[in-house]
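The values are calculated or read from the model by the stated rules, or taken from the named source; none is laboratory data. Remember, predicted model here, so these are calculated numbers, not experimental data. Cβ coordinates were reconstructed from backbone atoms using ideal geometry, including for glycine residues, and neighbour counts include every protein chain displayed. Note: areas computed on protein heavy atoms with side chains; ligands, DNA, RNA excluded. Shrake-Rupley method; radii C 1.70, N 1.55, O 1.52, S 1.80 Å.
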Amino acid sequence: MTRQASEIIKDWPDESREAAELVIQTYGEPGEATDSLLTWMGVGPWKRVHASRTFFEHQFPAPHIDSVESVIDYRVPAEWFTPLAQFDGSVVVERTAGEVSARCHDEQANFLALNLMHDIVEGARGVDDARAYYAEEFLNARRKEPTPYMDGLRFQPGIGTADPDQRVLSDQDLEEAMREGEREQDGG
């Protein structure tokens, strides 16, 4: 008998349990669950969502915890990796998989981070501008003012975004290395 998500998270730390409860309220029971991780596949605009028992303290733009990760398919050119890391350490780019994720306390903050990630990659905002906008929208949420970047994704996630990179070793290089290794092993 599979356990309900509410049963799994009852012993989680308050911070991560409260964040997981928000995802459960929005998307229902996860498709996969372990004692430390709940996963929803293909819900909302997301490729997947993870709610984790483990949480991370995050100071930008104000102290909070990160334990809910929202993943999309999105190809980020390599030259944008550093600016994205400078923007927000909770935005993670997986080049080979062709994915970008944001990890925060709730889905709305993940929308905000990924919308600003997209603005940076498209050249619509620089890092400093994106950080300032993030902080302003964060405050506006508390003021109960409009927060358009928290309402949903303002762009369409990609398709076919994986980047397997370029091969640099030929079959001949690999075969030669294996022969050298065998000779070395045989004392040769």
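What residue, of GLU69, GLU94, GLU79, is open to solvent by 30 Å² or more (accessible area, probe 1.4 Å), at pLDDT 95 or above and touching a His at 6+ places or on another chain (Cβ under 7 Å)? None of the others qualify; the one that does is GLU69. Taken as a whole, the condition of being at pLDDT below 95 and more than 20 Å from GLU69 (Cα to Cα) does not apply to GLU122.
Screening GLU176 on (1) open to solvent by 90 Å² or more (accessible area, probe 1.4 Å); (2) assigned to a helix (DSSP H, G or I) shows it passes everything except condition (1).
For the stretch 82-91, a residue qualifies if it is open to solvent by 30 Å² or more (accessible area, probe 1.4 Å) and part of a loop (DSSP other than H, G, I, E, B), and exactly one does: GLY89. Filtered by the rule that a residue be surrounded by 20 or more Cβ atoms within 10 Å (Cβ to Cβ) and within 25 Å of GLU136 (Cα to Cα), the stretch 17-45 gives ALA19, VAL23. For ALA109, the test of being crowded, with 19+ Cβ neighbours inside 10 Å and in contact (Cβ under 8 Å) with a residue 40 or more places away in the chain is passed. Residues in the stretch 1-52 that are assigned to a helix (DSSP H, G or I) and in contact with a helix residue (DSSP H, G or I) (Cβ under 8 Å, 6 or more places away or on another chain): ALA5, SER6, ILE9, SER16, ARG17, ALA20, GLU21, LEU22, VAL23, ILE24, THR26.
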